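Visitor: One structure, as structure tokens, below. Some questions next.
The values are calculated or read from the model by the stated rules, or taken from the named source; none is laboratory data. Fair warning: this is a prediction, and the values are worked out from it, not measured in the lab. Please note: Cβ atoms are built from the backbone with ideal geometry, for glycine as well, and neighbour counts cover all protein chains shown. Note: accessible area is taken over every heavy atom of the protein model, side chains too, but ligands, DNA and RNA are not part of it. Shrake-Rupley method; radii C 1.70, N 1.55, O 1.52, S 1.80 Å.
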Amino acid sequence: MKRDVAIVGAGYVGVPLARTFAEAGKRVLLVDVDAERVAQLNAGESYIEDVPADVLKPLVDDGLVAATTDYDELREADAILIALPTPLSRQREPDLRILVSAAGQIAPRLRPGHLVVLESTTYPGTTREQVQPLLEAGSGLTAGKDFHLAFSPERVDPGREDWTTKNVPKVVGGIDEASTEAAAELYASAIEQVHRVSSPEAAELTKLLENIFRSVNIALVNELAQLCDRMDIDVWEVVDAAATKPFGFMSFHPGPGLGGHCIPIDPFYLTWKAREFGFSTEFIELAGKVNESMPYFCRSIVSQALNHARQRSLNGSRILVLGVAYKPDISDTRESPALKLIGLLRTAGAEVAYHDPHVPSFDEHGVALSSSPLEPAEYDCVVIVTNHSGVDYAQLVEDANLVIDLRNATGRNGTRSEKVWKL
């Protein structure tokens, strides 16, 4: 069947993108290697919180969204968008195997006139140096002559309702002017604003800058939080006070570490690429070091709180971690600092359970856990790692023996309570 757009990768980027194009009247095909995901999508069932089933199913029923595991169906689409994971290896270097494999599958299905756009976050040069040669070698076609090729970074923030795929400006950079215009025209048919840049490299670096900006500023307040702990100053009070300045300051909050696919991972793509040019990205690497140390610092806070407030050591203590998703009110646990902190507490001998209304269970490094009831009094302490909005924190403080609040979820009530220790 003829399709306007095919999206390779039916994840947290691909499915909202499919929705946006479909709601603009485009016929969209999602391609994914996971047959179970494909069956769910074709039944109108959604596993992506930003696209609920009551939104997806009418689009499926109207023939505007379909899914498949068959790459051959790409031949019938006018445009192919690639929205696949680009993780880091265990050595913290770019791992493009998923992307490279998909490009190899796409190449023999390319035909003259196709538009291919990479959306996966990656280092500057990936589109031109990695994807283009694979597509050309496998298709016998020439990018810029026979087909268009561009990069347009995803800008998805799961769980947000104010900024969505439709109204977040789309940055587009092609390997030539015609490719840029072809991609811009496609996105403009469904997305409110398109911003053109001169090259895919500029677009690739744009995405990294956005996430590096957050990483560096979060590291700054995380470092300040550690200093405030020694100086016996409330870091949350300081940040809130600074935020009253109407210019020259942007508020960032400390926490137990970074989570999600973007901020903990993407900066290291640029760090790796910079070495090719004999350049050391010292700011980025220092920020990574500070942020990665936060779960260890938070473990020490838990230990101190138990010692002083309960006269207990970590070893043998019963601890409830409240929230394991990487941010409030979603179910995504990718790179969540809660998982690292749970591991550190267990290694120290603590008996650790968790409660998260959005994450009924998870399996991390072979350790399977299920969400326990929120019964604070049953534990030596409750550690707030993710501040989900559905929790009554005032009641939590009243019921718990001890609360370690790593997100300022208890607010002023927690500040006044002798039962609450804050980051």
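Visitor: Can you compute the helix-only [θ] at 222 nm over the chain? Use -39500 (n - 2.57) per DSSP H run of at least 4 residues, normalise by all residues, nearest 500 deg cm²/dmol.
Guide: After summing the helix terms and dividing by the residues of the chain, the value is -11500 deg cm²/dmol.
Visitor: Moving on to the next point. What lysines does Lys57 reach when the alpha-carbon gap must be under 21 Å and sequence neighbours fewer than 8 apart in one chain are set aside?
Guide: Cross-link targets: Lys2, Lys26, Lys166.
Visitor: Quick one: check the C-alpha center-to-center distance for the range 165-218 versus the range 282-330, whole angstrom.
Guide: The two parts, judged by their Cα centres, are 36 Å apart.
Visitor: When the Cα centres of the range 345-364 and the range 98-122 are compared, how far apart do they sit, in Å?
Guide: 39
Visitor: Is the shape of the range 284-417 best called rounded, prolate or oblate, per the rule: a/c under 1.5 gives rounded, else a/b larger than b/c gives prolate, else oblate, with a ≥ b ≥ c the square roots of the Cα gyration tensor eigenvalues?
Guide: rounded
Visitor: If you filter the range 75-184 for GluC sites (Glu not before Pro), then keep DSSP loop positions with at most 10 other Cβ within 10 Å, what is left?
Guide: In loop regions of the range 75-184 (DSSP not H, G, I, E or B), the sparsely surrounded GluC sites (Glu not before Pro) are Glu161.
Visitor: With viscosity set to 1.567 mPa s at 4 °C, what whole-number translational diffusion coefficient in µm²/s follows for the chain from Stokes-Einstein and a Kirkwood radius over Cα pairs?
Guide: Stokes-Einstein gives a translational diffusion coefficient of 56 µm²/s.
Visitor: Using the heavy atoms of the protein chains alone and a 1.4 angstrom probe, what is the accessible area of the chain per residue in square angstrom?
Guide: For the chain, the solvent-accessible area averages 45 Å² per residue.
Visitor: Hey, another quick one. Roughly how many nanometres apart are two label points built 7 Å out from the Cα toward the Cβ at Glu237 and Met1?
Guide: 6.2
Visitor: Further, regarding this structure: Label-point separation (nm) for Ser313 and Asn42, each offset 7 Å from Cα along Cα-to-Cβ?
Guide: 5.8
Visitor: Using only Cα atoms, find the angle between the long axis of helix 266-275 and the longest principal axis of the chain, and express it within 0 to 90 degrees, rounded to the nearest 10.
Guide: 70
Visitor: Moving on. Ordered by residue, what ³J(HN,Hα) values in Hz, to whole numbers, does the range 78-84 give under the Karplus form 6.51 cos²θ - 1.76 cosθ + 1.60, where θ = phi - 60° and Gly and Pro are x?
Guide: 6, 9, 10, 10, 10, 10, 10
Visitor: Please report, as a whole percent, how much of the solvent-accessible surface of the chain comes from carbon and sulfur atoms (probe radius 1.4 Å).
Guide: Carbon and sulfur atoms account for 50 percent of the accessible area of the chain.
Visitor: What does the charge dipole of the chain about its Cα centre add up to, to the nearest 20 debye, if the Cβ of each Lys and Arg holds +1 and the Cβ of each Asp and Glu holds -1?
Guide: Roughly 720 debye, rounded to the nearest 20.
Visitor: Can you bin the range 1-156 into rounded, prolate or oblate? Criterion: square roots of the alpha carbon gyration tensor eigenvalues sorted a ≥ b ≥ c, rounded for a/c under 1.5, prolate for a/b above b/c, oblate for the rest.
Guide: oblate
Visitor: Of Gln91, Leu59, Pro16, which is farthest on the positive side of the dipole of the range 1-94, counting Cα position, with +1 on Lys and Arg Cβ, -1 on Asp and Glu Cβ, and the Cα centre as origin?
Guide: Going by the Cα projections, it comes out as Gln91.
Visitor: Let me ask something else. Looking at the chain, which longest stretch skips every one of the chymotrypsin sites (Phe, Trp or Tyr not before Pro) that is in a DSSP loop with at most 12 other Cβ atoms within 10 Å, leaving the sites themselves out?
Guide: After excluding every exposed loop site, the longest remaining stretch is 1-162.
Visitor: Identify which of Thr121, Thr281, Thr206 has the largest mean-square fluctuation in a Gaussian network model of the chain, with springs joining Cα atoms closer than 10 Å.
Guide: Checking each option, the largest mean-square fluctuation is seen for Thr281.
Visitor: Let me ask something else about it. Between rounded, prolate and oblate, where does the range 41-123 land on the alpha carbon gyration tensor, with a ≥ b ≥ c its root eigenvalues, rounded for a/c under 1.5, else prolate if a/b exceeds b/c?
Guide: Verdict is oblate for the range 41-123.
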